[in-house]
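Please read the structure below before turning to the comments.
The values are calculated or read from the model by the stated rules, or taken from the named source; none is laboratory data. Nothing here was measured: the structure is a model prediction, and the numbers come from that model. Please note: Cβ atoms are built from the backbone with ideal geometry, for glycine as well, and neighbour counts cover all protein chains shown. With ligands, DNA and RNA removed, areas are computed over all heavy atoms of the protein, side chains included. Shrake-Rupley method; radii C 1.70, N 1.55, O 1.52, S 1.80 Å.
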Amino acid sequence: MLARLAVRNVRRSARDYTIYFVTLLLGVMVFYAFNSIADQRLMTDVNASNPDMVATIDRVMAFFSVAVACVLGFLVAYSNRFILRRRKHELGTYLLLGMKARQVAGIVLLETALVGLSSLAAGLALGVVLSQLLCFASMSMFSLDLSSYRFVLSSTALGRTVLCFAVIFVVVGVLNVIEVSRCRLATLLSARSASERVGVRGVLPSALCFVASVALLAYAYRLLALNGLLDVTDAKFSAATALMLVGSLLFVSSVAGLVVGIVRRTRGLYLRGLSPFTMRQLASRINTAFVSLWIVCVLLFFGVTSFSVGMGVSSVLSSALEEGTQFDHSIVAPMFHFADLDQYTDRAQDARERLDASNWSAADYFATRSATWRELVSQSAQVDIWSDPDLTGGKLAQTVGYDVESSALGKDATLLRYGVSVIGVSQLNATRALSGHPPVTLPAGTYAVDNCLDLTKGLSEAVSSYGGTLRVGGVELRSSRQLVRQVLRVTQLPDVQCVLVVPDDVIDALRATRGLPDTSILNVRYADGVDADQAEALMEKAFAEALPPSEEDLREGYDYGTGRWPLSFADSASSTRTEALGFKMLITFLALYLGFVLLVSAGSVLAVQQLSSTVDSVGRYRTLAQLGCTRRQVLGSVRTQTLLYFLVPLALALCHTACVIWVMNRNLFSALGVSPLVPVSLAVGIVVVVYGGYLLVTYLCCSAIVRGALGRRLLA
Amino acid sequence: MTTALNDLSLTVRDGEFVSVMGPSGSGKSTLLNCVATIDAVTSGSIRLAGEDVTRLRGRELARFRRERLGFIFQDANLVETLTGFENVALALTIKGSRPVEIGPRVRVVAERLGVMDVLDKYPHQMSGGQRQRVAAARAVVGAPSLVLADEPTGSLDSKSARVLLETLEKIHRNAGATIMMVTHDAYAASFSQRTVFIKDGTLFNEVVCGTDDRKGYFGRIMEVVSFLGGGASHVG
């Protein structure tokens with residue numbers, strides 16, 4: 001009996017449940033899909049080469065899923081409370097008819113379970129579909145053969161989803177039962193007549209609040225720009241965050257009062273058609289619900305920002321990767337710190353001895369010691385990076401007349417405090433030959449510039465076109481006006497920042513005064529016929545043969561010597577590529593996941609509010625129709641209200657996002673040469689689809705409520 | 001399907017103030033709703049200044065309501081989110097009146113109905129009587145051909161009811177408005193010129209004020225009410 005009643009109730013109030021159901025459905029869908037990523041077929045492939053990465057992706061997804069579960073849980077509880085409040089009169093009638101409070105609570109619980117279970121089932125089905133789509137997308141991202149695709153149902157994700165939503169429903173069910181059984185019959189029955197008191201604020205307080213909010217937000221933006229978003233532990237960042245929160249709250253609490261005040265004073269604009277009604281309606285909504293609008297605004301801000309920044313970072317990664325993997329393997333030995341600390345004195349001594357013994361060639365060092373190396377490596381090119389402490393980046397910029405302060409670099413860049421990197425032209429050309437590029441011809445007494453980073457592009461151009469002379473290692477050099485772009489090692493992000501390419505005799509001079517280069521890099525190509533999957537292992541074997549491990553190395557888990565010339569660390573192109581793609585995939589999925597969930601949450605909070613407000617306002621629409629408003633006028637007012645109610649928090653959130661993107665663009669994207677256009681247009685896309693979708697569904701539901709309540713004759 | 005009104009013929013002259021009385025379920029509200037084009041008739045016609053309103057469709061219905069009718073409801077039906085001024089102005093703005101004309105016209109009517117001091121207040125800040133007079137102002141500000149009042153005193157105390165009825169009388173006398181008022185209250189009906197009684201969906205009787213004073217007219221209305229069986233005295 002109770003079950004039948006519950007089923008009938010759900011069916012009858014299908015419209016109330018629509019938005020709730022859709023939101024749950026979407027929540028379950030993405031929750032499953034993103035939690036299942038680690039179990040997909042593709043990942044078993046990636047797992048073989050890089051098990052850490054798959055574990056990382058799974059951990060990160062699980063971590064953020066807890067946050068997502070909290071947001072969804074809040075959402076379910078919130079929408080459910082709204083539905084319950086709307087049905088108080090009906091529940092009161094059940095009590096009046098002699099049903100026990102326990103039975104009424106039972107009906108409500110059954111209804112919750114019914115909607116919950118059906119959305120869980122449908123959401124899981126959609127989630128399985130979505131996870132396969134994600135799998136296809138990531139397979140093409142990794143350029144994997146699509147024919148290796150196999151359908152996978154992730155039991156981990158299934159378990160997590162069911163557990164998470166079961167907990168949410170149980171909590172909601174308990175809350176509902178408490179709410180119903182606590183209610184007195186009288187309050188349940190009188191719930192319908194309690195009309196909403198209109199919250200009105202004066203124009204002057206609103207205006208003051210508004211000005212204060214704009215000032216706070218402007219100051220917050222300025223702090224954010226100063227912070228540059230590069231250091232989130234900076235006090236400026238926390239201050240900017242706090243100011244943004246307070247400023248946004250003041251903004252949403254005052255904007256309606258101010259707009260009403262201003263528009264009322266311009267009568268020509270005001271007294272036209274239903275505009276006074278529409279505006280008052282909206283203002284009263286905004287004024288009574290400004291706290292939830294504020295929360296919606298914050299949700300939107302986080303959603304759009306994390307999505308666009310994530311997409312931006314992911315496009316940075318993909319554009320840089322190809323350039324960073326021109327060699328098969330890089331063996332790197334940084335030595336700039338050897339001179340600074342006493343504990344490294346023996347390492348410096350050691351390096352000098354090894355360098356002299358192998359004629360300054362790391363390739364020789366390995367080749368004479370390792371048979372595996374001789375089989376594995378066909379070609380190599382070494383590049384030693386030197387610096388002249390007398391020519392710091394700051395001094396260089398000053399000499400060539402480059403204004404760092406107004407550039408993207410900023411006056412505090414690390415680069416400016418240390419000696420400019422210098423490499424010999426013959427080593428550069430050997431490296432270029434290895435990556436298949438033509439050599440650079442450098443006349444005696446001149447220099448060229450190598451730069452791969454957009455951040456230092458301006459400086460490099462200035463140095464390259466400088467007409468005077470630079471003193472490097474005691475030698476006066478003029479610019480050959482050549483600016484080249486050549487990476488010097490395997491890397492995810494090319495990091496060559498304004499390196500001076502000088503004649504070899506300058507390097508000899510630096511060697512005489514400095515002794516050791518800052519960093520020594522050996523780039524290699526594998527011999528033909530080396531199996532790419534084996535190369536990594538073979539390289540480790542070569543290292544072990546050439547560099548017997550010390551006790552310290554063994555303790556730290558290396559089975560070869562490290563931390564000394566010629567090897568501190570090594571990167572292969574294939575592992576770099578896998579890592580970068582894995583990282584890119586992680587960032588992309590996370591951006592999609594968070595962006596989607598936060599937009600859905602924001603959209604559904606507004607939808608639920610707008611729907612219930614429309615139900616409460618049906619009497620007003622009836623009055624309007626009786627006074628002779630046309631159907632077009634009435635529904636137009638509903639449309640304008642819904643549209644503006646959705647747009648106010650969005651506009652504010654987008655302002656914040658624009659500020660963040662602008663700062664990010666200045667400090668990160670443009671430095672890496674990535675256009676913000678792609679992430680921004682993707683963000684616009686997701687907002688239009690998800691948030692716009694909620695807006696559209698809400699308008700259609702609201703308009704159906706009004707049309708249904710007024711009937712075709714009244715609403716002519 | 002039950003028939004609410006049948007074989008009912010009623011003529012209201014231009015500028016006349018008519019009350020409609022009858023027991024609960026007699027069809028008096030249906031009559032008003034049919035005239036107001038809110039309910040549709042299955043047969044027959046309702047003519048207002050020669051125009052058959054039962055034939056109006058779609059946008060014509062809305063135009064008819066906003067151009068020709070003024071409404072006063074039992075519970076005022078003011079829009080709670082709008083001030084008194086805005087509620088009265090609403091009747092003009094939805095007609096598309098020029099914004100510069102609206103202010104003066106609202107104030108003229110408000111002055112006449114004694115609601116000047118509540119124009120800047122919201123409905124919940126007004127008394128029941130004030131709300132109802134603002135509703136009356138909204139009904140007449142557009143100078144409609146016909147003012148329809150559905151139990152306008154139903155939710156008022158006797159003093160407020162009296163003030164409102166005098167207001168209606170004033171509107172009728174000064175502006176020459178045609179008023180059709182549905183009421184169950186013989187006292188309210190005694191402010192009109194003619195009272196028609198409806199029973200079981202058809203015209204039962206009518207009482208004309210004529211040259212009588214209000215007291216005499218009231219007495220004659222009461223006679224019909226008691227004849228109808230007291231049913232009318234306790235409906236609400």
Collect the residues in region A:387-424 that are open to solvent by 20 Å² or more (accessible area, probe 1.4 Å), of a type in the set (S, T, Y) and under 20 Å from A:A339 (Cα atoms), keeping them in residue-number order.
A:T392, A:T414, A:Y418, A:S421
By residue number, the members of region B:27-65 that are among the β-branched types (V, I, T) and farther than 17 Å from B:L203 by Cβ are B:T37, B:I38, B:T42, B:V53, B:T54
With in contact (Cβ under 8 Å) with a residue 40 or more places away in the chain and crowded, with 21+ Cβ neighbours inside 10 Å as the only criterion, which of A:S318, A:S308, A:S292 stands out?
A:S308
Count of region B:144-166 residues which are open to solvent by 10 Å² or more (accessible area, probe 1.4 Å) and within 19 Å of B:G84 (Cβ to Cβ):
4
Would you point out which residue out of A:V60, A:V7 is open to solvent by 50 Å² or more (accessible area, probe 1.4 Å), at pLDDT 80 or above and farther than 21 Å from A:R150 by Cα?
A:V7
Filter region B:189-203 for residues that are of a type in the set (A, V, I, L, M) and at pLDDT below 90; which is most open to solvent (accessible area, probe 1.4 Å)?
B:L203
Provide a single number: the residues in region A:239-264 that are open to solvent by 50 Å² or more (accessible area, probe 1.4 Å) and either touching a residue at least 24 places away in the same chain (Cβ under 8 Å) or at the interface with chain B (Cβ under 10 Å from one of its Cβ atoms) (or both).
6
Tell me, yes or no, whether region B:19-38 has at least one residue that is free of Cβ contacts under 8 Å to residues at least 60 places away in the same chain, within 12 Å of the chain's Cα centre (by Cα) and either within 11 Å of another protein chain (Cβ to nearest Cβ) or closer than 23 Å to B:Q132 by Cα (or both).
yes
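So that you can scan it fast, the table gives a plain yes or no per residue for (1) in a loop (DSSP other than H, G, I, E, B); (2) at pLDDT below 85; (3) surrounded by 14 or more Cβ atoms within 10 Å (Cβ to Cβ); (4) not small (G, A, S):
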| residue | (1), (2), (3), (4) |
| --- | --- |
| B:M1 | yes, yes, no, yes |
| B:D7 | yes, yes, no, yes |
| B:L10 | yes, no, yes, yes |
| B:D14 | yes, no, no, yes |
| B:V18 | no, no, yes, yes |
| B:S26 | yes, yes, yes, no |
| B:L31 | no, no, yes, yes |
| B:C34 | no, no, yes, yes |
| B:D39 | yes, yes, yes, yes |
Would you check which residues across region A:157-212 are open to solvent by less than 50 Å² (accessible area, probe 1.4 Å), over 29 Å from A:S284 (Cβ atoms), modelled with pLDDT of 85 or more and out of contact with any Ser or Thr (no Cβ under 6 Å at 6 or more places or on another chain) and list them?
A:G159, A:T161, A:C164, A:F165, A:A166, A:I168
Residues in region A:87-102 that are of a type in the set (K, R) and in contact with a helix residue (DSSP H, G or I) (Cβ under 6 Å, 6 or more places away or on another chain): how many?
1
Assess whether B:R63 counts as being out of contact with any helix residue (DSSP H, G or I) (no Cβ under 9 Å at 6 or more places or on another chain) and assigned to a loop (DSSP other than H, G, I, E, B).
no
Given the options A:F290, A:F277, name the one that is more than 31 Å from the chain's Cα centre (by Cα), closer than 30 Å to A:C655 by Cβ, modelled with pLDDT of 85 or more and aromatic (F, W, Y).
A:F277
Specify which of the listed residues (B:A175, B:A186) is open to solvent by 50 Å² or more (accessible area, probe 1.4 Å), away from every other protein chain (no Cβ under 14 Å), among the hydrophobic types (A, V, I, L, M, F, W, C) and touching a residue at least 12 places away in the same chain (Cβ under 8 Å).
B:A175
Return the only residue of B:E206, B:E223 being free of Cβ contacts under 8 Å to residues at least 24 places away in the same chain and either assigned to a strand (DSSP E or B) or crowded, with 18+ Cβ neighbours inside 10 Å (or both).
B:E206
Give the residues of region B:75-90 that are facing another protein chain (nearest Cβ under 7 Å) and among the polar types (S, T, N, Q), sorted by residue number.
B:N77, B:T81
In region A:295-305, residues that are touching a Gly at 6+ places or on another chain (Cβ under 6 Å) and open to solvent by 10 Å² or more (accessible area, probe 1.4 Å) total 0
Quick check on this structure: which one of A:Q626, A:Q641 is at pLDDT below 90 and more than 30 Å from A:T456 (Cα to Cα)?
A:Q626
Look through region B:91-115, keep the residues that are among the aliphatic types (A, V, I, L, M), within 9 Å of another protein chain (Cβ to nearest Cβ) and part of a helix (DSSP H, G or I), and return whichever of them is surrounded by the fewest Cβ atoms within 10 Å (Cβ to Cβ).
B:V100
Flagged in region A:621-651 as of a type in the set (A, V, I, L, M) and open to solvent by 10 Å² or more (accessible area, probe 1.4 Å), in numbering order, are A:L627, A:L635, A:L643, A:L644, A:L647, A:V648, A:L650, A:A651
Any residue at all in region A:20-27 that is open to solvent by less than 30 Å² (accessible area, probe 1.4 Å), at pLDDT below 85 and outside any helix (DSSP H, G or I)?
no
With respect to the numbered conditions (1) at the interface with chain A (Cβ under 9 Å from one of its Cβ atoms); (2) surrounded by 14 or more Cβ atoms within 10 Å (Cβ to Cβ), which one is the sole condition not fulfilled by B:I72?
(1)
The listed residue being more than 18 Å from the chain's Cα centre (by Cα), over 20 Å from B:L168 (Cα atoms), at the interface with another protein chain (Cβ under 7 Å from one of its Cβ atoms) and open to solvent by 50 Å² or more (accessible area, probe 1.4 Å), out of B:R59, B:R55:
B:R59
Which count do you get for residues in region A:672-715 that are in a loop (DSSP other than H, G, I, E, B) and either surrounded by 18 or more Cβ atoms within 10 Å (Cβ to Cβ) or of a type in the set (V, I, T) (or both)?
4
What tally of residues in region A:265-281 results from selecting those that are away from chain B (no Cβ under 12 Å) and surrounded by 15 or more Cβ atoms within 10 Å (Cβ to Cβ)?
0
Exactly one condition in (1) modelled with pLDDT under 90; (2) assigned to a helix (DSSP H, G or I); (3) in contact with a helix residue (DSSP H, G or I) (Cβ under 8 Å, 6 or more places away or on another chain); (4) within 14 Å of another protein chain (Cβ to nearest Cβ) is not met by A:L611; state its number.
(4)
